[in-house]
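Rule-based calculations on the coordinates, nothing more; no lab input. Fair warning: this is a prediction, and the values are worked out from it, not measured in the lab. Positions of Cβ are generated from backbone atoms using ideal geometry, with glycine treated the same way; all protein chains shown enter the neighbour counts.
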Amino acid sequence: MVEQQVISRETGIEDTQYRWGFELDIKSDVSPRGLNEDIVRLISAKKREPEWMLEWRLKAYRHWLKLDSQGPQWANVEFQPIDYQDMIYYAAPSSQSDGPKSLDEVDPEILEGFNKLGIPLEEQKKLTGVAVDAVLDSVSVATTYQEMLKKAGVIFCSMSEAVQNHPDLVRKYIGSVVPYSDNFYATLNSAVFSDGSFCYVPPGVRCPIELMTYFRINELDTGQFERTLIIADEGSYVSYLEGCTAPMRKSHQLHAAVVELVALDGAEIKYSTLQNWYPGDKDGRGGVYNFVTKRGKAQGRGSKISWTQVETGSAITWKYPSVILQGDDSVGEFYSVALVNNRQQADTGTKMVHIGKNTRSTIIAKGISAGRGNNTYRGQVKMMPTAGGARNFTQCDSLLIGDECGAHTIPYIEVRNPTAQLEHEATTSKVSDDQLFYLQQRGLSLEESNYMIINGFCRGIFKELPFEFAAEASQLMRVSLEGTVG
Amino acid sequence: MLLEIRDLHVSVGETDILKGLNLTVNPGEVHAIMGPNGSGKSTLANVIAGRPEFTVVRGEVSYQGRDLMALLPEERAREGVFMAFQYPAELAGVRTWQFLKASVDAVRKHRGMKELSIREFDRLLDEKRRMVRIDADMVKRSVNEGYSGGEKKRNEVLQMAMLDPTLAVLDETDSGLDIDALRIVADGVNSFRSPSKAIVMVTHYQRILGYVSPDRVHVLLDGRIVRSGGRELALELEEKGYDWVRAEAA
Amino acid sequence: MTQTLTRYERYEADFHALDTAGRPQWLQDLRQTAWTRFLDLGFPTARRGNEKWKYTNAAPIARMEFGHDGRSRPNGLSAETTDAAIPRHDAWSQLVFVDGVFAEALSSRPESTDEVRVSSLEEAVLSNSETVESHLARHTPFEDDGFAALNTAFLRDGAFVHVAAGADVETPIHLVFLSTGNAAPTVSYPRALIVAENGSRATVIESYAGLNGGRYFSNSVSEMVIGEGAEVEHYRLQEESEAAFHVGSARVVLGEGGAYSSGAFSRGAALGRYDLSVLLDGPGSACRLSGLYVTSGTQHLDNNINIEHAKPYTTSRLNYKGILDGRSRAVFGGTVLVRKEAQKTDASQSDKNLVLSPYAEVDSKPALFIYADDVKCGHGATAGNIDEETVFYMRSRGMDVDTASRLLIHGFASETVDTVREPNLRAYLESQFLDTLPGRRLEF
């Protein structure tokens, strides 16, 4: 079974390390290039959204127009300005334009595409223990295990469906963690988000299987703006996984997603990401700009939100999965491995905002830099005056491979309560020649030795991932590091 | 002949360390290489294992009739050359179990043997680690990280037992051990002795030779073997010190 | 924008009024360039993306109108008045500056010898010192620093210390910058240039203090050039009066095998900022930077320490500590930059804070930027109050809470004071700094 769950199997693309780079040959329903109010209205109309949803989008769009059109400038990344008028904001497979259907109606080419990615959707082949919402470009094409989830009372569907079928929940929580005015990319997303996943776990329910959304960009010059909302009601538990890939394109693609998590009293959300968007070629041509806003609100007393991410893809990664620790005794965690190779740039980390009493947060971030990549950890820990007895522990370790890359650590520590305690540690190291020789002397090749050391470096993070994902993550690291030794 | 070294000259950067070393090791033999600090003992061990910093300027090293210097470090290991390190590297996050499994797999694959199943591997590991008194817990920890000096050395002997080499080169494996640990290590080495295998022990002191009896003892001074003999040479050295050999050699 | 212009009018008038007759052309040009640059930059704002001023708002300085009179001469000041404000020891050489101008009568400087020359910058400039010309303002880039540009525009006087190659100057050299702080808000521009030639050794102490309670602005720049194998110990005491604004910077450049150690003690000023930049520009050079900041009331103190490892085998150790009380705020910004060439760098950076009051705030940002792979770099930061367990332990041995916390706060700070090698300065710090620490009763 494990074999089948490996996403990274051969796809027949040659001469490349990115094995997910094939293109699907499907007909798409594509909006005109550029962004204006009509496009926002068009997206909303395609989704047959209620008036309030359209109003919210328009509010976001009008706010976005007022922002500096270059987006935020503080991150440690460099790229040419993005032309937001030269991008397509909505693309959906023609066969899917009416929204998700039952599996027998899904275009076989799409099913085959997801098969190739290792995410079979058909009933008889589907992954065991994981319910999958498959998102292609702007829309969700299918969601598996609907019946089982329904029995447990868990709502897991595409965002479009949720707007139709659970409008009260959506209206109550959308924008409650990441307001439409939050930041440049989140505002853009609020205006043009196309689809994404929605999940609601009722009080006291432990979601019986892992939930997963698999994102795939296919269409050329298309931005992907999905929006995910997960609500864990009192005393409930859910583990959610997210994976993503894109075809190899010479031009850059923008992915500006928003993820909002809400955990009520005693609820726990575990959110894991394997980010494997196309990183571009070795000279930095092409690749996805992954500018994502992810935030969870540990709203209830004793609630817990845990982010685990393995970031190996994208030309540029800009994301800071955060936790607002509002409920007393709530817990926030962030476990991250970020790898850059070739010309990749990552500026990623987290924010832990302690508001409630005795709140706890843990941050473990591992950065690996190879090739000419630049990797920045940027993390903020804020202890508000109300956060009596709060604690944070942060550890950031960087590993450098070669002398053309960079590893940077920028913590922001803001303490406004004398009973809060906070500790930050960071180290930087390289794979030493002594370690490599030691492993070689035991019969391992240089490449294997290097890989084993790096895997060891990441072990603490991988163990936070669900089992199948851990194997996949370790596989991804290996592929991403090919050619860095020797 | 298992190992034959002829007129070996080795340098690190600008410095010449070995200056015309000769050594012949036959299957079944235990050789002790003794010498003061800086004489080139560790260099010899590392050159046999293939550490990249050392440059072989001149001379030949043949192992089982093949040119050993032409092989990569991992190829030497797979061909049966094992080195126990004086200062084994620490591998954060890499479990000893995982490390040993990968090594044993690589070596067995090269030798055309079938890969051990996890159950078979565990059985082998249990047997070997008992011999060097390493507890089950220790193999779950990161390789050499937080190990005591004695634990590191025992772990080296465990690896030797697991990889089943033909030629074992022990670099100061006895240094820094208390008497109990020394006995455990010596027992491990002794149980490895067989008519088809050979051991080269590099050591500063003759202490371990009381537990592992050598067939030949060589004295290394300034990059050359200046004197060879039987077990009695070690005792003589212990008594008279290296200056005695130095004077004789001059 | 027009508002900004009016704000600089006073500076502009003072800039043009500055008497610089007889000064060499290079200095005039330098001042003009700096002035133009200041007009472009202005004072820093906490606008988005300005990471260096993220937590400190310079607007209170920008908003006020400060006058500057470069011709003022310190009149009516006696040694008794000035000594009350600063540490002093008879054995030290001492140069005193009042509102940026050298006060000969208050100073006790050594005779210039082949080994060491201690003088005012003005004298050195007028005597056409080549050392001054080749080093002054060459190490403090003002391209991106409005305060340094402003100081350089008003460069007229200051301290000059030149230690000859191989000289070992045992007597500490104390540079005292006093602000009179009278009724009308004034600004002064203290400046120091310290050149330690190859293989020399010297100890330099800088003190900043105010004589009256008025609001003033002290905007200082110190430059230190440390030659091959030379060693400089540098102590800096910021004890400005409580209404004062203080923005000071020091730029240190080290040659091969050079060593720089510094101890920065800050507890004065309403708004204080210290920018220390160390450039390890020679292989094997090393720096050891310690600091202690103590804030209370509504004070705001900001330490911004940048260390650049430009060459291989360079070492840096940074240990700063803060004690915060009242409604005060302390900021620590640290940057360690390791260039690609700087293999085998060994850098560590630590900022530890004791937050004693529920209304105080500390913002710490110890950042690492690393471009070389064979390096050992680490950093750490902590913030919190005194450990309850420890207090409990002490109480169980019969101590009351007050004594226990006082002892712990004292211990926390004395670790930094203990790093001071000059015994007379250490004695001063022990009696003046450690004994005035807040001894807050904590609630357990």
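Listed values, structure above:
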quantity: Region A:122-170: GluC sites (Glu not before Pro) in DSSP coil with no more than 16 other Cβ atoms inside 10 Å; calculated: A:GLU122, A:GLU123
quantity: Dimensionless Rg ratio for the protein assembly as shown, taking C-alpha atoms and the 2.2 N^0.38 Å reference; calculated: 1.07
quantity: Using alpha-carbon coordinates, inclination of helix C:25-41 to the longest axis of chain C, degrees; calculated: 50 degrees
quantity: Cβ-based charge dipole, the protein assembly as shown, positive-most Cα from B:ALA92, A:THR143, C:ASN304; calculated: A:THR143
quantity: Dipole magnitude of chain C about its Cα centre (Cβ charges: Lys, Arg +1; Asp, Glu -1), debye to nearest 20; calculated: 1140 debye
quantity: Shape call, chain C: gyration tensor on alpha carbons, a/c limit 1.5; calculated: rounded
quantity: Electrostatic dipole magnitude of the protein assembly as shown [Cβ: Lys, Arg +1; Asp, Glu -1; Cα centre; debye, to 20]; calculated: 1960 debye
quantity: Cα lying deepest toward the dipole's positive end in region C:2-282, options C:PRO172, C:HIS162, C:LEU237, charges on Cβ; calculated: C:LEU237
quantity: Cβ neighbours within 10 Å from other chains - mean over B:80-91; calculated: 4
quantity: Among beta bridges that DSSP assigns inside the protein assembly as shown, antiparallel share in %, nearest 5; calculated: 15 percent
quantity: Nearest-0.05 FRET efficiency for C:SER348 and B:GLU232, computed from C-beta distance (R0 56 Å); calculated: 0.60
quantity: Simple spin-label estimate for C:ASP374 and C:SER431 in nanometres, 7 Å along Cα-Cβ; calculated: 5.2 nm
quantity: Normalised contact order of chain C, rounded percent, pairs of Cα under 8 Å and 6 or more residues apart; calculated: 9 percent
quantity: Shape call, region B:48-165: gyration tensor on alpha carbons, a/c limit 1.5; calculated: oblate
quantity: Cα centroid separation, region C:96-134 to region A:321-349 (Å); calculated: 54 Å
quantity: Distance in nm between pseudo-label sites at B:THR15 and A:LYS66 (7 Å out along the Cβ direction from Cα); calculated: 6.9 nm
quantity: Dipole magnitude of region C:306-415 about its Cα centre (Cβ charges: Lys, Arg +1; Asp, Glu -1), debye to nearest 20; calculated: 280 debye
quantity: Total formal charge among the other residues, if their Cβ is under 12 angstrom from that of A:PHE225, Lys/Arg +1 and Asp/Glu -1; calculated: -1
quantity: Cα pair count fraction exceeding 12 Å, expressed as % - region B:140-195; calculated: 66 percent
quantity: Chain B: angle of helix B:179-192 to the longest principal axis, Cα-based, in degrees nearest 10; calculated: 80 degrees
quantity: Solution diffusion estimate, µm²/s, Stokes-Einstein, region A:250-363, Kirkwood Rh from C-alpha pairs, 20 °C, viscosity 1.002 mPa s; calculated: 148 µm²/s
quantity: Part-to-part distance (alpha-carbon centres) for region C:167-222 and region C:338-354, which is given in Å; calculated: 28 Å
quantity: Helical mean residue ellipticity (222 nm; -39500 (n - 2.57) per DSSP H run of 4+; nearest 500) of the protein assembly as shown; calculated: -7500 deg cm²/dmol
quantity: Angle between chain C longest axis and helix C:2-17 axis [Cα atoms, degrees, rounded to 10]; calculated: 60 degrees
quantity: Neighbour net charge for A:ILE39 - beta-carbon separation under 11 angstrom, K R +1, D E -1; calculated: +2
quantity: Burial ordering of B:LEU44, B:LEU72, fewest other beta-carbon atoms within 10 Å first; calculated: B:LEU72, B:LEU44
quantity: Charge context of A:GLU109, other residues only, Cβ under 10 angstrom, K/R +1, D/E -1; calculated: -2
quantity: Neighbour-limited loop hits for trypsin sites (Lys or Arg not before Pro), region A:416-470 (at most 15 other Cβ within 10 Å; DSSP other than H, G, I, E, B); calculated: A:LYS463
quantity: Cα gyration tensor, chain A - rounded (a/c under 1.5), prolate or oblate; calculated: rounded
quantity: Distance between region B:192-250 and region C:383-417 - C-alpha centres, whole angstrom; calculated: 59 Å
